[in-house]
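Take a look at the structure set out below.
The values are calculated or read from the model by the stated rules, or taken from the named source; none is laboratory data. Nothing here was measured: the structure is a model prediction, and the numbers come from that model. Cβ atoms come from the backbone with ideal geometry, glycine included; neighbour counts cover every protein chain shown.
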Amino acid sequence: MDFSVTLVILAAAILACLLSSKISTWMNMPTLLFFLGVGMLFGAEGVGGLVFDNAVAANRIGSVALAFILFAGGFDTSWKSVRPVLVSSSILASLGVFLTALFVGIFSYYAMRVIMPHTPVSFAWCLLLGSIISSTDAAAVFAILRSHRVSLRGLLQPLLEFESGSNDPMAAFLTIFMVKAVLAEDAGAGSTPLVQYFNIVPWFFIKMSLGIIGGLAFGRASVWLFNKIDFEYDGLYYVLLFVSVVMTYAGIEMIGGNGFMAVYVCGMVMGNLKFIYHKGIGKFSDGFAWLMQVVLFGMLGLLSSPTQIWDVKWIGLAVAAFLMLIARPAAVFLCLLGSRFTLAERTLISWVGLRGGAPIMLATFPLMYEISNDSLMFHIIFFIVISSVAIQGTTIMTLARFLDLDLPLRKSLRVPLSFDHTGTMDASSKQFICDERADRKTLAELGLPRGALVMLIRRDGGFLIPQGNTLLQKDDCLMIMGSDKVLEQTALMLQEKDD
């Protein structure tokens, strides 16, 4: 196929992915399902006819894409909102992932014997399958909630956001460990001794510790570099971010740490510290993460075979049902024993365990290392992800309303005026909500601290140019610029708007 024709097909595929995001909102489906569908449509068995069967390239590209997606997730995570649920979400992201992998592995071992008796697989092979499918993708859940202008009550949202962002590194760690065990079996070493699995404990602490420490170090170093380097051209700061993410991931992987954990922690550090072009970097990171999601899901759709996905429908349905109805709920309830969460909240947390792009990307490891029945495992994982997204993704809203855990979403509207710290002045901007204290007062009567500049007033979806005699109303949103000290004083008078 001519190179220009290939480029046109790829561009058309990406455009189709972008347009499908609108369809996903109308149909109450996570966007990733349509991205995967577009990849399959343009693949070898679809209308595009693109042949892509390079598992090594898919794994390498997928790993880099996942690194940028995790960085963006970390950058958007507020330490203030995460801190109250840090212990619970960390347990879910580590022990919860391990328990899910174990439960699914045990069930798969016996289910394979019943449903596919002529395909012999080892216990380690089934544990590898469980490890790959063990992480969640709450970002897809919140996309559905935002499309319906609702959020979740209490601490549910920060818990699920932090869990979903930090459990991919754990799943990747378990996957790589189990790939080595299966490769040893394929090489003729026999079944993996039970004692061998205990080696996972010290290896886990070493890799995760290096990932966390490395992420903290690279995050701090990146913030320092942003504030000190003083580029002549603003666009170079975005290139610097790209370099920071790649260096963090590759550098920590090179010394034996968990690169995925490192980029997530690095993103959290940078997102919660002040540096020049912080807002611009956040928008660039979010946009680039979306591009990486299109690349990741579209590429994995190309790599799959619809006919092979259909061939594994029965084992896929069995494992998917067990995962959604037993494995995930059991792991959640065990991990949250003694926590403050109610029965209703734990039930919703169990059902929000949506599988996303990470499991399919991790499923390229068996393909890359050519373990026994690697294609079978890849397509079982693919089927489970599609089932999870289709079933759980369409019922989350109904369950949240039934359990009375949904809240109206205070949607962040596009603002025609924004302020970003560029290092030329010591000031920043925040949004504040007018409460009863400001209702029916003019802006002059509000008595804001000296040095506070009201740049814009948002009311009922529209915007007002502020003047001294502007009459304020309850729930007006004021965009105020000033020094950190001035903004702290303003926060004593007005309610700061949550991001």
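A few remarks follow.
- The helices (runs of 4 or more DSSP H) falling completely within segment 104-189 that include 1 or more residues that are under 23 Å from Ala327 (Cβ atoms) and at pLDDT 90 or above map to 123-132, 156-184.
- Tally of residues being of a type in the set (A, V, I, L, M) and surrounded by fewer than 23 Cβ atoms within 10 Å (Cβ to Cβ) across segment 313-337: 11
- Any hit, segment 363-382, residues being within 31 Å of the chain's Cα centre (by Cα), surrounded by 13 or more Cβ atoms within 10 Å (Cβ to Cβ) and at pLDDT below 85: no
- Residue within segment 78-94 that is closer than 30 Å to Glu496 by Cα and not in a helix (DSSP H, G or I) present: yes
- Taking (1) surrounded by fewer than 18 Cβ atoms within 10 Å (Cβ to Cβ); (2) under 23 Å from Ala93 (Cα atoms) in turn, Gly353 satisfies each apart from (1).
- Per this entry, Gly280 is not counted among residues that are under 30 Å from Ile115 (Cα atoms) and of a type in the set (Gly, Ala, Ser).
- Sole residue being assigned by TED's automatic domain parsing to the domain that holds Arg355, assigned to a helix (DSSP H, G or I) and either under 14 Å from Leu300 (Cα atoms) or not charged (D, E, K, R) (or both), chosen from Leu66, Leu32: Leu66
- The one condition in (1) crowded, with 19+ Cβ neighbours inside 10 Å; (2) under 10 Å from Gln431 (Cα atoms); (3) of a type in the set (S, T, N, Q) that Gln495 fails to fulfil: (1)
- Segment 66-87 - residue that is among the small types (Gly, Ala, Ser) and surrounded by fewer than 23 Cβ atoms within 10 Å (Cβ to Cβ) and, of those, nearest to Ala250 (Cα to Cα): Ser78
- Those residues of segment 360-391 which are touching a Ser or Thr at 6+ places or on another chain (Cβ under 9 Å) and under 19 Å from Phe123 (Cα atoms), in sequence order: Leu362, Ala363, Phe365, Pro366, Leu367, Ser372, Asn373, Ser375, Leu376, Phe378, His379, Ile380
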